[in-house]
Amino acid sequence: MRLHLLGLFHTIPHPDYSHCAFTGRVMRFGKMMLPFGYEVIEYSNAGGQTEASEHVTLLSKEEFEPLRARMKAAPPHGEATLDSDIYRAFSAKLKPELLKRVRPGDIVCHPFGHTHADLGELLPQAYHVEIGVGYPHCHFPMRVYETYQWWSWHQGKEQRPGGAYEWVCPMAYDIDEWQPQEAMGDYLLYFGRIVECKGLAVVREIARHVDLPVILCGAGDPSPWLSPDIPNLTYRPPVTGLARSELLGGARAMLMPTVYTEPFGGAGVEAQLCGTPLLASDHGAFSETVLHGLTGYRCKTLGDWLSAVERLPWLSRRAIAEQARATYSLEACGQQMDRIFRQIAGLSGEGWYSRTPINAIWRRDAILPASITAVEAP
């Protein structure tokens, strides 16, 4: 099967842009799916570091850099808007390249929502799939959500039932990029966008009540949250590439007191890949990504957050890393995506009545405790 992967118009699939979760999905997609026998054709800007059967370069470095600078300088500041010059330039080059290559029954993979919604009419011979819904507005009927919580959120928002051709598959990670650290760190870390809806007021109150350094790291203005009367609360600019693993792995715990319904919360999973416990809100994706009392704690009141900090020594950083690496690896998530693409391909045959090979369905979704002996299928 042929998969056409659309890159992001405003970034490059390179570690320099690893703070963008959607870019990370593009970066790892080919490496995830190629071992399953797929042909992956990637359409992205020059300078990427990805694996694919074919790379189709859309914007050269000389075209990309001034267009991105112009986008970031225009209001709303730094947002990937569809009325930007960089989007128009990217889209103008994308369409003819797709028309040359897309054949009937191919799958076009959309990692960034409705960005290229018009391709459904341009390429009706292909199946169009949103491969990682972590955003509030969708366009195509075939969708892969990042958590069951987020799928249910969309069903409620759209006032509709679920369908057979909607799936859930978490964000996949190259576990070689994340090095577990078994020693408990000496600081608490908030790692993400510096915005109020991420629960920074809670982070500030935690810092006020603990005798530990608390670091804010991410893009945005930290000044509303920093105060001379909370000297242990400090700020660091965003880090990219392998430096992310070092910072996350060195933390005693990751703090994610998100106020809104979190679709996935990739930074929290990245922390767990390093063995760092995740302390998070008790709603949204965290009900799936935080195993309470095993890989972290889900909290409500300030008392919960402070008790969770005290209980961190009770958690096994090795077990946290093993759980995360078994659940979110390229191999584990690739098996799930393989099943999804096989079911889509079945629409060209028996459709809903087609049967997916059993090896593409049954797998262990979580690592088993050592005391349990797994029974392998024959």
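The values are calculated or read from the model by the stated rules, or taken from the named source; none is laboratory data. For clarity, every value in this text was computed on a predicted model and none was experimentally measured. Because the Cβ atoms are built from the backbone with ideal geometry, glycine has one as well, and the counts that use them run over all protein chains shown. These area figures cover heavy atoms from the full protein model, side chains too; ligands, DNA and RNA do not enter into them. Shrake-Rupley method; radii C 1.70, N 1.55, O 1.52, S 1.80 Å.
Among residues other than Pro180 with Cβ under 10 Å from its Cβ, the summed charge is +1 (Lys and Arg +1, Asp and Glu -1). Placing a pseudo-label 7 Å from each Cα along the Cα-to-Cβ vector at Glu246 and Gln49 gives an inter-label distance of 1.5 nm. Please compute the net charge surrounding Leu315, taking Lys and Arg as +1 and Asp and Glu as -1 over other residues with Cβ under 12 Å from its Cβ. Spelling it out: positives minus negatives among the neighbours equals +2.
For the chain, the residue among Leu94, Val290, Gln49 whose Cα projects farthest onto the positive side of the dipole built from Cβ charges is Leu94. Going 7 Å from the Cα of Glu331 along its beta-carbon direction, which residues of region 283-298 have the amide nitrogen within less than 20 Å of the resulting point? Of the residues in region 283-298, none has backbone N under 20 Å from the label point off Glu331. Total lysine pairs in the chain at Cα distances under 29 Å, for residues eight or more apart or on different chains: 14. Relative contact order of region 207-294, taken over Cα pairs closer than 8 Å and 6 or more residues apart, is 23 percent. What FRET efficiency would be calculated for the residue pair Glu62, Lys95, taking the C-beta separation as r and a Förster radius of 22 Å, to the nearest 0.05? For Glu62 and Lys95, the calculated efficiency is 0.55.
About the centre of its Cα atoms, region 180-286 shows a dipole size close to 160 debye [charges on the beta carbon of Lys, Arg (+1) and Asp, Glu (-1) only; nearest 20 debye].
May I ask for the distance between the Cα centers of region 136-180 and region 103-126, given as a whole number of Å? Cα centres, region 136-180 to region 103-126: 18 Å. Using alpha carbons only, how many angstrom separate the centre of region 1-34 from the centre of region 199-275? Using only Cα atoms to place each centre, the spacing works out to 25 Å.
Using only side-chain charges placed at the Cβ, +1 for Lys and Arg and -1 for Asp and Glu, the dipole size of the chain relative to its Cα centre rounds to 320 debye.
Using R0 = 56 Å, the C-beta based FRET efficiency linking Glu350 and Gln179 works out to 0.80. Of the peptides 106-114, 6-14, the ranking by mean beta-carbon count within 10 Å, highest at the top, reads 6-14, 106-114. Charged side chains reduced to their Cβ positions (Lys and Arg at +1, Asp and Glu at -1) give region 192-243 a dipole of some 160 debye around its Cα centre. Loop-located chymotrypsin sites (Phe, Trp or Tyr not before Pro) in region 249-299 (DSSP state not H, G, I, E or B) with no more than 15 neighbouring Cβ atoms inside 10 Å: Tyr260.
Using the Cβ-Cβ distance between His292 and Leu212 with R0 = 25 Å, the FRET efficiency computed as 1/(1 + (r/R0)^6) comes to roughly 0.70.
Each stretch of four or more DSSP H residues adds -39500 (n - 2.57); spread over every residue of the chain, this sum gives -9500 deg cm²/dmol at 222 nm. Of all segments of the chain bounded by trypsin sites (Lys or Arg not before Pro) found in a DSSP loop with no more than 16 other C-beta atoms within 10 Å, the longest spans 1-192. The Cβ shell under 14 Å around Phe64 holds other residues with a net charge of +1, Lys and Arg each +1, Asp and Glu each -1. In this view, the solvent-accessible surface of Glu97, computed with a 1.4 Å probe and all protein chains in place, comes to about 40 Å².
Across the chain, C-alpha contacts under 8 Å between residues 6 or more apart give a mean separation that, scaled by the residue count, equals a relative contact order of 13 percent.
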